[in-house]
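If you scroll down you'll find the structure; I have some questions about it.
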Amino acid sequence: MLLVNPHQSFFGVQRYFEIHLHSDEGLDFSGLTRFGFALPYMGNNQRLGWTFTDNYADIGDLYVEHFTGAEHPLAYRYGGGTREATSWTEVVLVKAEGGVQRRTLRFWKTHHGPVVGLDSSGRPLAVRLAKLEEGGWVDQLDAMIRSRSLAEFRGAVSRLAIPYMNLMYADADGNIWYVYNSAVPKRDTSFDWSRPVDGSEPRTEWHDYHALSELPQVLNPASGYLLNTNSAPMVATNPAPFARTDFPPYMVGGETNNVRAQSSRRALEAMHDITFDAFDRAV
C-alpha cells in the first residue's frame, strides 16, 4: 500500500496536476505531474508505483576561480598552468516602467561551470551542478513509467538522471523499497564541500558519481513499513540498517527525524494485518 500526501498550493507554477496516461500500446499510468513536465513524475501503473519527497544531498559545488588579470582576461589558474574561460553575450528582455527593454549581458564560463557571482573577497565563483549537462530526466521517467517489476524499476532509477529526491516504491508482488535518490559526485573528503573550494586545485575535481548501490536505501524491512516526510534516511523504518556515519559526509543532507516522521511512525507501528480499506480510513 502506497500513500503520498502532496501538500502543494492550488495556485502558481508549483501546483500539481492529476494525470492519467493511456495508450493503445499498453501504457496505463495514473499520477501527477508538475508545470512544464512532459510526463507524470509520480504515480502508478498496474504493477508498481512510487512517490517522491525532497532531499538535500550535496549535488552542487561552488569553485573560487583565479583569473590572471586584465592582460589575459579569460585566463584562469589551474594546477601548474592556466586555462581559458569562455565568454559570450546574450540579449535579455526586461520589463520596465516604459515597456520591455533589451539589455545585452556578458557571461563567463570555466570548465567547472558558469560564473554566477563573487565571494566576500570579490573572487569569481563558478557553479557545477550534478547531471546539469548530461540531462536525462524524461528518459528516466519514461523507463520508470514503463517498468513492470522491481528489477526493471531499479534499472531505470540506476541512471540517476533525476539528481535528487527521496524515492518510495511499492509493487503488486509485495515489495517496498526506499532510496535516498541523489546523483552524488565522488569527492576528495579532505575538502569542506559545504563551502566554496579552490578551483585552481585539481584535487577538487569530481570523480564520476556514486552508484545507486552506494546510496542509503532499504528493501522490504522486517518492520513492514517505510516512510519519508522530507526526513532523514536513518528514520525511514525502525530500525534502519545504517547510520549517517556509514556514508561520505557530503552524501546525506541535514534532514532530521522531524515531527511529521514521528507522527507517521506512531500511526504505522500501530497497524497490524491491516486491509486497504482500514489503511485508507487511518490516513
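Tell me the strands (runs of 3 or more DSSP E) entirely within the range 69-159 that contain at least 1 residues that are closer than 30 Å to TRP177 by Cα, in contact with an Asp or Glu (Cβ under 9 Å, 6 or more places away or on another chain) and touching a residue at least 12 places away in the same chain (Cβ under 8 Å).
So the answer is 124-129.
Every residue, every condition in (1) exposed (fewer than 14 other Cβ atoms within 10 Å of the Cβ); (2) at pLDDT 95 or above, yes or no:
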residue: VAL116; (1), (2): yes, yes
residue: PRO124; (1), (2): no, yes
residue: LEU132; (1), (2): no, no
residue: GLN140; (1), (2): no, yes
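Could you list, in sequence order, all residues of the range 201-220 that are in a loop (DSSP other than H, G, I, E, B) and open to solvent by 20 Å² or more (accessible area, probe 1.4 Å)? Working first, answer last.
To start, the set of residues in the range 201-220 that are in a loop (DSSP other than H, G, I, E, B) comprises 201, 205-208, 210-211, 215-216, 220.
Selection gives GLU201, GLU205, TRP206, HIS207, ASP208, ALA211, ASN220.
Tally up the residues in the range 9-39 that are open to solvent by 70 Å² or more (accessible area, probe 1.4 Å) and touching a Lys or Arg at 6+ places or on another chain (Cβ under 6 Å), please.
0
Does SER223 satisfy the condition of being touching a His at 6+ places or on another chain (Cβ under 7 Å), open to solvent by less than 70 Å² (accessible area, probe 1.4 Å) and of a type in the set (S, T, N, Q)?
So SER223 fails the test.
Would you confirm whether or not the range 234-248 contains a residue that is touching a helix residue (DSSP H, G or I) at 6+ places or on another chain (Cβ under 8 Å) and either basic (Lys, Arg) or open to solvent by 70 Å² or more (accessible area, probe 1.4 Å) (or both)?
Yes, that holds for at least one residue.
Still on this structure, I have one more. Within the range 40-68, count every residue that is without any contact (Cβ under 8 Å) to a residue 40 or more places away in the chain and either touching a Lys or Arg at 6+ places or on another chain (Cβ under 7 Å) or surrounded by fewer than 17 Cβ atoms within 10 Å (Cβ to Cβ) (or both).
1
The values are calculated or read from the model by the stated rules, or taken from the named source; none is laboratory data. Quantities reported herein were computed from a predicted structural model and do not represent experimental measurements. Counting neighbours? That spans all protein chains shown, and the Cβs are built from the backbone with ideal geometry, glycine included. Ligands, DNA and RNA are excluded from the accessible area calculation, which covers all protein heavy atoms including side chains. Shrake-Rupley method; radii C 1.70, N 1.55, O 1.52, S 1.80 Å.
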